[in-house]
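Read the figures in this text as sums done on the coordinates, not as results from a lab. Keep in mind it's a predicted model, so treat the numbers as computed, not measured. Please note: Cβ atoms are built from the backbone with ideal geometry, for glycine as well, and neighbour counts cover all protein chains shown.
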Amino acid sequence: MFLNVEKHGGVVIVSLQEPCLDATNYQDAIANITPMFRENCKVILDITEVQYVDSTGLTAFTSCHNKCQDANGRLRICCASGAVEEVLELVHMDRLIPIFDTQQRAIHSFAEG
């Protein structure tokens, strides 16, 4: 699982550099992302490069959400496109994890509460 990690102030931005998030790599995604969840963390998953997600990929998102909450942190998803955006809408992922169309909007959402 290829990830790019950068910090923007107190926000950690994790960009998934994979075209698919599915049964072949969802466990690697969880294993590589969850160490970012520190006490009171603010983490954004940028999924610009992800063009396909299946049910196991959705499991990765919910697992990350749960682990982030265990650390009293907050998680956001941004930059979903095409079919991935449709899947996230279909399963109402935004009820669990706030989803934003840009990194900037996701970053600003932490200031809003």
(request) Give me a count of the residues in region 11-44 that are within 18 Å of ALA111 (Cα to Cα) and either in contact with a helix residue (DSSP H, G or I) (Cβ under 8 Å, 6 or more places away or on another chain) or aromatic (Phe, Trp, Tyr) (or both). (result) 7
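Rundown of residues vs (1) touching a strand residue (DSSP E or B) at 6+ places or on another chain (Cβ under 6 Å); (2) under 18 Å from LEU3 (Cβ atoms); (3) of a type in the set (Lys, Arg); (4) in contact (Cβ under 8 Å) with a residue 40 or more places away in the chain, yes/no style:
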| residue | (1), (2), (3), (4) |
| --- | --- |
| ASN32 | yes, yes, no, no |
| VAL50 | yes, yes, no, no |
| GLN69 | no, no, no, no |
| CYS79 | yes, yes, no, no |
| VAL87 | yes, no, no, no |
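Could you list all residues from region 14-55 that are of a type in the set (Val, Ile, Thr), closer than 16 Å to LYS67 by Cα and out of contact with any Ser or Thr (no Cβ under 7 Å at 6 or more places or on another chain)? Quick ask: steps written out before the conclusion?
Restricting attention to region 14-55, the residues satisfying the condition of being of a type in the set (Val, Ile, Thr) are 14, 24, 30, 33-34, 43-44, 47-48, 50, 53.
From what's left, closer than 16 Å to LYS67 by Cα: 14, 30, 33-34, 43-44.
Across region 14-55, the qualifying residues are VAL14, ILE33, THR34, VAL43, ILE44.
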(message) What pairs come out if I take residues in region 1-17 that are under 20 Å from GLN27 (Cα atoms) and pair them with residues that are part of a strand (DSSP E or B) and acidic (Asp, Glu) whose C-beta lies under 8 Å away, six or more apart or interchain?
(response) ILE13/GLU6; ILE13/ASP46; VAL14/ASP46; SER15/GLU6; SER15/ASP46; LEU16/ASP46
(request) Kindly indicate the residue of region 89-113 that is touching a residue at least 24 places away in the same chain (Cβ under 8 Å) and of a type in the set (Val, Ile, Thr) and also nearest to THR48 (Cα to Cα) among those meeting that condition. (result) THR102
(message) Anything in region 89-113 that is closer than 19 Å to ASP22 by Cβ and in contact with a Phe, Trp or Tyr (Cβ under 8 Å, 6 or more places away or on another chain)? List them, or say none.
(response) MET93, ILE97
